[in-house]
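Below: one structure, written as structure tokens.
The values are calculated or read from the model by the stated rules, or taken from the named source; none is laboratory data. None of these values were measured; they are calculated from a predicted model. Please note: Cβ atoms are built from the backbone with ideal geometry, for glycine as well, and neighbour counts cover all protein chains shown.
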Amino acid sequence: MAERRSPAAAFAGRFETASASGALRLAELPFLTQLNVRVDPASLAADEVAGVLGAPLPTEPGTAVRSGELTVAWLGPDEWLVIAPEGFRYELLRKAVADGRGSVVDVSAQRTTLLVAGPRARDVLAHGCALDLHPSVFGPGRCAQTTLARTQVVLLPQQDGFLVLVRSSFAAYLAAWLLDAATEHLL
Amino acid sequence: MLLIPCPWCGPREEAEFHYGGQAHVAYPDDPSALSDEEWARYLFFRDNPKGRFAERWSHSAGCRRWFNAVRDTATNEIHAVYRVGEARPVTS
């Protein structure tokens, strides 16, 4: 069996170097489990899904809820992204949407997760993102699907930074762009 | 660049959207009963007003939902956005 490599694995060393100054922390969080959940939010199945997740599905656009080690982000009026640790087992979720009441699809390989944290994280992302990322309007509990450096991403604000979920095939490009955008903040 | 207010995500830049042409073009009730000319008229003929125009947009780089917008084709001002299935609001 071939060795598994994460999409931005080749950037680990450069991320570490860029993180040394303390102004910024860049890292890839590889192999997180990501599940695309589609279900009618008004249905019984949605209640069952919420029961399995331990939190209600957020119905307010652009919001995310945390439940233990799970994050549930709003992607659309009937679509959510569940982010869980590697190896998360989701048979119960599958069961909650069985019989055509919804769908749970493992999309873990679709995107990888980049961590952009530290005091200058917002400045770095602002180089390529049109959204207002200030914590007063975009803090923990929010999420956004938008473009960062013309690449589609899901942004999840954390306490001291952001998770940037980017398609695997764009991960190397975005990693290179982040390192370039970070240059002026690392002096 | 236009700032388009997605009815789900709020105002986003135009580059996140795809244009979908005129809104409220109903699919014919019985397509097989149409003459070639009527079918061609349904397929290819669209209004081209100077002024307010109801059109479809897709927030393709965001929530990926289709919605409708009333845009002034002369000024690019967007007078209303509304979700699929909702009636066109009166914008005078």
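Could you list all residues from the range A:64-118 that are aromatic (F, W, Y) and either within 14 Å of chain B (Cβ to nearest Cβ) or within 30 Å of A:A20 (Cβ to Cβ) (or both)?
Within the range A:64-118, A:W74, A:W80 qualify.
Sort through A:A42, A:A50 and tell me the only one that's assigned to a loop (DSSP other than H, G, I, E, B) and among the hydrophobic types (A, V, I, L, M, F, W, C).
A:A42
Starting from residues that are within 14 Å of chain B (Cβ to nearest Cβ) and in contact (Cβ under 8 Å) with a residue 40 or more places away in the chain, keep the ones in the range A:146-173 and report whichever is farthest from the chain's Cα centre (by Cα).
By that ranking, first place goes to A:R167.
Which of the residues that make up the range A:1-23 are without any contact (Cβ under 8 Å) to a residue 12 or more places away in the chain and either more than 20 Å from the chain's Cα centre (by Cα) or surrounded by 12 or more Cβ atoms within 10 Å (Cβ to Cβ) (or both)?
Scanning the range A:1-23 gives A:M1, A:A2, A:E3, A:G13, A:E16, A:T17, A:A20.
Hey, B:A26 hits all of (1) within 14 Å of chain A (Cβ to nearest Cβ); (2) modelled with pLDDT under 95 but one; which does it fall short on?
For B:A26, the exception is condition (1).
Those residues that are over 15 Å from A:L35 (Cβ atoms) and either more than 14 Å from chain B (Cβ to nearest Cβ) or of a type in the set (S, T, Y) (or both), I need them from the range A:49-63; list them, please.
Those that are over 15 Å from A:L35 (Cβ atoms) and either more than 14 Å from chain B (Cβ to nearest Cβ) or of a type in the set (S, T, Y) (or both): A:G51, A:P56, A:T59, A:T63.
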